[in-house]
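Take a look at the structure set out below.
The values are calculated or read from the model by the stated rules, or taken from the named source; none is laboratory data. Values in this document were obtained by computation on a predicted structure and should not be read as measured data. Note that each Cβ is placed from the backbone with ideal geometry, even for glycine, and that neighbours are counted across all protein chains shown.
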Amino acid sequence: MELFVQSLVSGLLLGGLYAAVGVGLSLVFGIMGLTNIAHGCLMILSSFFIMVFARHMSGSVVAAFILTVLVMCVIGALLQGVLINRVLAKGPEPALLVTFGVAIVIWNVLQLIFGADFKSIPSPMASVNAVNTRWVVISGEYLFNFAVSAALILVLHLVIQKTLFGRAIRAAASNVVAAELMGINTGRTYIYIMCLALATGSVGGLLVGQTFGFYSYSGMSYLIIAFGVVVIGGMGSIIGTLLGGVILGVAQLLGAYFFGSGVQILVGYLTLLTLLTLRPRGLLGNMTRE
Amino acid sequence: MNDNGLLTVESLNVDYGDFRAIHDVSMCFPKGAIISVIGSNGAGKSTLLNAIMGVNKARSGRVFFEGDDITGLRTSSIVAKGISMSPEGSSVFENMSVYENLVLGAFLPGPRKKRDILLERAYELFPPLKEKAKQQATFLSGGQRQMLAIARALMSEPKLLICDEISLGLAPVVVSDIYSRITDVNETGVTVVLVEQEVKRSLDYSDYSYVLVKGRVVMGGLSDELDEKEVKDAYFGINQYA
Ligand SMILES: Nc1ncnc2c1ncn2[C@@H]1O[C@H](COP(=O)(O)OP(=O)(O)OP(=O)(O)O)[C@@H](O)[C@H]1O
Ligand SMILES: [Mg+2]
């Protein structure tokens, strides 16, 4: 019983981290209709940036993270402004292929520079237990991950629902021509969205890098997790990614509890397939794209 | 009427693939006037307006606004110059409230600063919008939807307001109501372009009219001087113009 409760709680907290991994993918899909295959690789790229910057900034992960967010915003702006916006005009499928190419390039460049060794980002909370009772032990790190992700998603949700920028984003998502007729430069809006998505990806890259560590080829596995989260929660729904992350996390860890850790990932995706059969548009539907 | 045009179109051609939808169209929209563009289904009215707004790209020809060449500019930049359009079928943002739709109309920095004043004005012009302010646009009636599209277009304080078939599918009394509102707007100095299929209504409400048949201008001039019967003949393509 203790182990069951422990699995449930850990799954829930793990789900928070998964949400941070997936929310950028959801944002880009919800607003541009683009499936960004490079999302996972860009996230792992940010993990590498944080690791390298931290080494050069006397170990300050916070400073390294802030710098990484800035760098990722520049990369996002270039990627969207120079590459994807042009291709997106011809439809979402060619743009998807472009992101696939970007994923391969990032993967190979990382492999070339860093090899295939295990890396990680130092975490001050790695060995602290926030809660330690007979029923559950909650590591400070997991709690931190969940709190950061939940805050990130809440802020994103509020920005999109309540601010003029958010309204402009939703307008561009629902009807590009009508949005342009409001004076909204949708090309520029897409650039902001990609920057925002990569900034959230950097949060994912930080948490993943601290909690699990990473390899130069980890991007694709995280892309699959991001897909899982976004498909369960509903493509384009921000709050849905938190729900999707939690469901995926809980399903994985309960799967491990009942059937052994070897099938944890499999159980996660069986849950995904089941939910997908029941609700093809995801749990929280689709709030942006019409 | 070609001297003091707020907007002029010069030898515009617009294609969809191999099909030419607009042939060598030239027009002049005089400042302060109401101009109607009359044509039947498929005449090319929306194509022409979309080309002016930069939604469609012109194959050749030029569009000038206040003397500036605006051909090929991005739609949002054209809006920023002072042209606003209520598109065919209204294109309101369905998942947003009436209020949010209006707020988006005042997205540009200038109008954004005086948003509350502009909102008040919009509600005064179309009181039903005030009642429905918090409701999602999906729940509006056809007439209210058109009101919202026009009010939203006016939120950017345009010098030129273009309305693409606002009467489509609406009861005649609703249409008259909306048209008289548009006349009020025109009296505040806004130049208005109305696109219509109804010949009589177009001539009644406008100062100048153009008749478009199969992508060509076949007639144009002061609405008072155009004969309804002749316009109708031209419209249906049964005289030498077609
Ligand atoms: N996207 C498109 N692709 C190909 N042909 C098009 C397209 N849009 C319009 N057309 C064609 O161009 C011509 C002009 O169409 P347009 O929509 O401009 O007419 P309209 O005068 O606005 O008609 P309506 O009164 O029905 O709105 C028509 O023959 C139409 O079939
Ligand atoms: Mg039309």
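Quick grid of which residues meet (1) touching a strand residue (DSSP E or B) at 6+ places or on another chain (Cβ under 7 Å); (2) modelled with pLDDT under 95; (3) within 16 Å of ligand 2 (Cβ to nearest atom); (4) small (Gly, Ala, Ser):
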| residue | (1), (2), (3), (4) |
| --- | --- |
| B:Lys132 | no, no, no, no |
| B:Cys163 | yes, no, yes, no |
| B:Ser167 | yes, yes, yes, yes |
| B:Ala171 | no, yes, no, yes |
| B:Val174 | no, yes, no, no |
| B:Asp204 | no, yes, no, no |
| B:Val213 | no, yes, yes, no |
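Given the criteria among the hydroxyl-bearing types (Ser, Thr, Tyr) and surrounded by fewer than 24 Cβ atoms within 10 Å (Cβ to Cβ), does A:Thr241 qualify? Show your work before the answer.
On the way: among the hydroxyl-bearing types (Ser, Thr, Tyr): yes; surrounded by fewer than 24 Cβ atoms within 10 Å (Cβ to Cβ): no.
Against the criterion (among the hydroxyl-bearing types (Ser, Thr, Tyr) and surrounded by fewer than 24 Cβ atoms within 10 Å (Cβ to Cβ)), A:Thr241 does not qualify.
So which residues in the stretch B:188-202 are outside any helix (DSSP H, G or I), over 13 Å from B:Leu125 (Cβ atoms) and touching a strand residue (DSSP E or B) at 6+ places or on another chain (Cβ under 6 Å)?
Within the stretch B:188-202, B:Thr191, B:Val192, B:Val193, B:Leu194, B:Val195, B:Glu196 meet the criteria.
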For strands (runs of 3 or more DSSP E) lying entirely in the stretch B:13-108, having 2 or more residues that are away from chain A (no Cβ under 14 Å) and surrounded by fewer than 23 Cβ atoms within 10 Å (Cβ to Cβ) picks out B:19-30, B:60-65
In the set A:Gly234, A:Gly213, the lone residue that is more than 25 Å from A:Val69 (Cβ to Cβ) and touching a Lys or Arg at 6+ places or on another chain (Cβ under 8 Å) is A:Gly234
B:Ala171 fails exactly one of (1) among the hydrophobic types (A, V, I, L, M, F, W, C); (2) under 30 Å from B:Arg112 (Cβ atoms); (3) more than 16 Å from ligand 1 (Cβ to nearest atom), namely (2)
Against the condition charged (D, E, K, R) and more than 16 Å from ligand 2 (Cβ to nearest atom), how does B:Lys45 come out, does it pass?
no
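Consider B:Ser156 carefully, then state whether it is surrounded by fewer than 17 Cβ atoms within 10 Å (Cβ to Cβ) and at the interface with another protein chain (Cβ under 9 Å from one of its Cβ atoms). Break it down into steps so the answer makes sense when it comes.
Working: surrounded by fewer than 17 Cβ atoms within 10 Å (Cβ to Cβ): no; at the interface with another protein chain (Cβ under 9 Å from one of its Cβ atoms): yes.
Here the answer is no, as B:Ser156 does not meet what is asked.
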Of (1) farther than 25 Å from B:Asn13 by Cβ; (2) surrounded by fewer than 20 Cβ atoms within 10 Å (Cβ to Cβ), B:Gly221 fails just (1)
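Every residue, every condition in (1) of a type in the set (Val, Ile, Thr); (2) within 16 Å of ligand 1 (Cβ to nearest atom); (3) within 14 Å of another protein chain (Cβ to nearest Cβ); (4) outside any helix (DSSP H, G or I), yes or no:
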| position | (1), (2), (3), (4) |
| --- | --- |
| B:Ala133 | no, no, no, yes |
| B:Ser180 | no, no, no, no |
| B:Asn186 | no, no, no, no |
| B:Met219 | no, yes, no, yes |
| B:Asp224 | no, no, no, no |
| B:Asp233 | no, no, no, no |
Check your understanding: If you check B:Pro127 against the conditions, is it under 23 Å from B:Lys232 (Cβ atoms) and more than 16 Å from ligand 1 (Cβ to nearest atom)?
Key -> no
Sole miss for A:Gly115 among (1) on the phi > 0 side of the Ramachandran plot; (2) away from chain B (no Cβ under 14 Å); (3) free of Cβ contacts under 8 Å to residues at least 40 places away in the same chain is condition (3)
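Take the conditions buried (at least 16 other Cβ atoms within 10 Å of the Cβ), within 16 Å of ligand 2 (Cβ to nearest atom) and either small (Gly, Ala, Ser) or not in a helix (DSSP H, G or I) (or both) and apply them to B:Glu10. Does it pass? Even if it seems obvious, please write down each step before you answer.
Values: buried (at least 16 other Cβ atoms within 10 Å of the Cβ): yes; within 16 Å of ligand 2 (Cβ to nearest atom): no; either small (Gly, Ala, Ser) or not in a helix (DSSP H, G or I) (or both): yes.
The answer is no for B:Glu10.
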Residue hits (the stretch B:48-63; more than 13 Å from ligand 2 (Cβ to nearest atom) and not hydrophobic (A, V, I, L, M, F, W, C)) are B:Gly54, B:Lys57, B:Arg59, B:Ser60, B:Gly61, B:Arg62
ask   = Is one or more of the residues making up the stretch A:249-262 outside any loop (DSSP other than H, G, I, E, B) and closer than 30 Å to A:Ile169 by Cα?
value = yes
Checked B:Ile150, B:Ile178 against criteria (under 20 Å from the mean Cα position of the chain (by Cα), more than 30 Å from A:Lys162 (Cβ to Cβ) and hydrophobic (A, V, I, L, M, F, W, C)); the one match is B:Ile178
Of the conditions (1) closer than 27 Å to B:Gly54 by Cβ; (2) surrounded by fewer than 21 Cβ atoms within 10 Å (Cβ to Cβ); (3) more than 15 Å from the chain's Cα centre (by Cα), the single one that B:Lys134 does not satisfy is (1)
Restricting the stretch B:188-206 to residues that are within 26 Å of B:Val55 (Cα to Cα) and more than 16 Å from ligand 1 (Cβ to nearest atom), the one farthest from the other protein chains (Cβ to nearest Cβ) turns out to be B:Ser206
Looking at the structure I just gave you, is B:Ser141 of a type in the set (Gly, Ala, Ser), within 16 Å of ligand 1 (Cβ to nearest atom) and more than 9 Å from chain A (Cβ to nearest Cβ)? no
